[in-house]
1. With 13 Å as the cut-off, how large is the P(r) tail for the range 154-212, expressed as percent of Cα-Cα pairs?
2. Pop out the ³J(HN,Hα) list for the range 50-59 in order, Karplus 6.51 cos²θ - 1.76 cosθ + 1.60 with θ = phi - 60°, rounded to Hz; leave Gly and Pro as x.
3. Over the range 253-408, with a single point scatterer placed on each C-alpha, what log10 of the ratio I(q)/I(0) does the Debye formula yield at q = 0.09, 0.10, 0.14, 0.16 1/Å?
4. What ratio of Cα Rg to 2.2 N^0.38 Å holds for the range 46-149?
5. Note the per residue figure in Å³ for the convex hull of the C-alpha positions in the chain.
6. With the radius of gyration and the Kirkwood radius both derived from the Cα set of the range 338-379, what is their ratio Rg to Rh?
7. Please list, in chain and number order, the residues 5+ apart from residue 322 or on another chain whose amide H is under 5 Å from its amide H, with Hs placed from the backbone.
8. For the range 286-300, take each phi angle, set θ = phi - 60°, evaluate the Karplus expression 6.51 cos²θ - 1.76 cosθ + 1.60, and give the result in whole Hz per residue in order, putting x for glycine and proline.
Amino acid sequence: MSGNLVAAAAGSTDLSLSLPQQLTVIALCALTAFISHLALAVFNDGVRPFMLDFIQGRTTRSATTAVSFGLSAGFIFGLGAPMALSTGVLNPWLVFLPTDILGILSPKKWLAPILGAAWGAVIVFGLNGANSFAHDLPVDFLTAMQQMSTPILFLFTLFPVLAITKQFGKVRGAIAGAVELVLVVATMKLWPNVFAGAIAMAVGVLMLIAFAVSKDLRQRKLERAERIANGDGAAEATPDDDDPMASLFSASATRLRKHLPLFMLLGAGVCLLAQMHVFGGGEATSFLIAKGDYSGAAQVDFYRVFGFIPLIATTALASGAYGIAGFTLVYPIGYLLPNPWLALICGAAVFAVEVSALSWIGRVLGGLPSVRDSSEHLRGAISDSLQLAILFGSLMAANAMGGGLGILVVGGLYLVNEAMGRVVVRMAAAPAAVIVGGILLNVLYWLDLFTPVKGG
């Protein structure tokens, strides 16, 4: 991506939506709250494993709500809201995590969509007012938060390198790192208007998958040779019909398939929201959507899919609750589609295939242990790279809005949060600190104790 494309110079972060966009957000929030109430799907991957006990009546609605709120609140207020306000683009932490909570909280089926729609109305009518108010403050901390874009976009590029290093060692990790660096430099030189990390990430993910599949194939070959040596080469492992996990997986897949029309409606809605280009599926994606780089955003979210398919598939089969965004394939598809009607059709079709294929995907993953491990390493690498990028970007924002004092306040709040046992989850702590620090700097300005940094 060209330097001017990722520059954090103030751009438009207007959160005013058109009427069709407003209606889509409100309707989708109503639908996701209803689906959450039925325990058919939740967005928070950490909440999904708890849904089996709720579905089977071993825990109460209020207890499950408490779990959902505890695991989601930090991401909603510390990451979802700051990212939306600083980029002008909605995100899943702001849209879907609250509807997880509201849906599970609702004691009545008819009340859940009303609560979800109410949250959607807060998003479409409340955020723009808060955004306009914040930009009019003497210390414009929202514009300063656009400093986060460069470290997020470029450091995120390294997640395949981290995953390869953790799973396959330093040598292959170093090779992957060198390849990605060459590709980033070449892209910046030859195609300055293309996201610099796009090709590098693609090659990095392909290298990781190739290493994993190669390892699994070698392992299968060794196991086959051992069986032949032991005289039972024709024997193949067969599924155990009495395996309780196999029975649970089958029951969960059947339960989800029974509600296929509802999931198709959900897929259509999520894909439509992505097609409207007012929604980004991740941190890096939000900045790319804000810059109008929809193809770059599609590539970023497509690569993330490889880290989440095994997690979402296995937790869905184990708990009986799917993901609100499915395998998240509807994000990149939606970004690239030319019109909303195609988005509705494609989103519905994608979810139909995903839900119908869950059992098959589970069996395939069962025979590819290294690929499953790769997805775990990918998710960990994504978190590690983004944690550093968000922290670094938040300190850049602190410097932009308050110089040394800004760094002291924001960095201090982050360190205090760490010392207190991470009251706010680490990923969300730094952006939350920027907002709190920005409010504090404005108070100091009004008390005539602080002069804003020029242009901050």
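1. Values: 908 of 1711 pairs.
More than 13 Å apart: 53 percent of the Cα pairs in the range 154-212.
2. Taking θ as phi minus 60°, the curve returns 7, 6, 4, 4, 5, 4, 8, x, 8, 9 Hz for the range 50-59.
3. -0.36, -0.43, -0.77, -0.93
4. Values: Rg = 16.3 Å, N = 104, 2.2 N^0.38 = 12.8 Å.
My calculation over the Cα atoms of the range 46-149 gives 1.27.
5. Working: hull volume 74.4 nm³, N = 456.
In the chain, the Cα hull volume divided by residue count equals 163 Å³.
6. Values: Rg = 14.6 Å, Rh = 12.3 Å.
Computed over Cα atoms, the ratio is 1.19.
7. HN-HN under 5 Å from residue 322: 41, 42.
8. Per residue, the Karplus-derived 3J(HN,Hα) values read 4, 5, 5, 4, 4, 7, x, 8, 6, 5, x, 4, 5, 5, 4 Hz.
The values are calculated or read from the model by the stated rules, or taken from the named source; none is laboratory data. This structure is a prediction, so every number in the text was calculated from the model and none was measured. Every residue, glycine among them, receives a Cβ derived from its backbone with ideal geometry; neighbour counts consider all protein chains shown. For the accessible areas, the whole protein counts, side chains as well, though only heavy atoms, and no ligand, DNA or RNA atoms are used. Shrake-Rupley method; radii C 1.70, N 1.55, O 1.52, S 1.80 Å.
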